[in-house]
Ligand code: PRP
């Protein structure tokens, strides 16, 4: 069993997500927003955010692989599952659980932007500024966090712990895979 300590408690996450939703409600008043969740980590954040939106919302999902089987330094992004619907002439909000190196989103935002949405912005629950390799414009960030191995609220360690209702730091024992 991995040892996990709480970094950001559930109440604090949910309070911050309410604030993030308020900003969107105000900015897009009178419009419909199209949320795009990047699987799998963003799902919990996207659901909580969407519950607090009072403007009309549609949503779609895509799956990307940032690095294939290589390390984070390769910066390659592959589309594993594309969107179901066109984003042309929609107000798109890309929803992420975490921005780390910035490789994924620095590729994905221009890629989606080329499909001619009316507007496009990125919101992320977590941000690791110390790890940034590529510039990414983020409209709103839930929390800047240190460079620790975080899990919960969608984030995994070897596909586990996504369901934890808080953000925790996992102490990885020597000899285990890191993912
Ligand atoms: C995470 C996150 C971003 C990406 C950010 O996804 O959801 O898509 O990594 O990292 P970057 O800034 O270094 O590119 P991950 O590849 O862990 O997939 P998952 O959401 O399915 O766990």
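In segment 120-144, which residue that is part of a loop (DSSP other than H, G, I, E, B) and in contact with a helix residue (DSSP H, G or I) (Cβ under 9 Å, 6 or more places away or on another chain) is surrounded by the most Cβ atoms within 10 Å (Cβ to Cβ)?
136
With the requirement that a residue be closer than 17 Å to residue 162 by Cα and surrounded by fewer than 18 Cβ atoms within 10 Å (Cβ to Cβ), what does segment 42-66 give you?
Scanning segment 42-66 gives 43, 47, 63.
Examine segment 32-45 for a residue that is closer than 21 Å to residue 147 by Cβ, touching a helix residue (DSSP H, G or I) at 6+ places or on another chain (Cβ under 6 Å), outside any helix (DSSP H, G or I) and within 12 Å of the ligand (Cβ to nearest atom), and state whether such a residue exists.
No: segment 32-45 contains no residue that is closer than 21 Å to residue 147 by Cβ, touching a helix residue (DSSP H, G or I) at 6+ places or on another chain (Cβ under 6 Å), outside any helix (DSSP H, G or I) and within 12 Å of the ligand (Cβ to nearest atom).
Pick from 97, 144, 85: which is closer than 14 Å to residue 37 by Cβ and more than 10 Å from the ligand (Cβ to nearest atom)? Even if it seems obvious, please write down each step before you answer.
Details: 97 fails: more than 10 Å from the ligand (Cβ to nearest atom); 144 fails: closer than 14 Å to residue 37 by Cβ.
From the options 97, 144, 85, the qualifying one is 85.
Listed residues 134, 128; which is under 25 Å from residue 23 (Cβ atoms) and modelled with pLDDT under 95?
Testing whether each residue is under 25 Å from residue 23 (Cβ atoms) and modelled with pLDDT under 95 leaves just 134.
The values are calculated or read from the model by the stated rules, or taken from the named source; none is laboratory data. This one's a predicted model, so the numbers in the text were calculated from it and none came from an experiment. In this analysis, Cβ positions are derived from the backbone assuming ideal geometry, glycine residues included, and neighbour counts consider all displayed protein chains.
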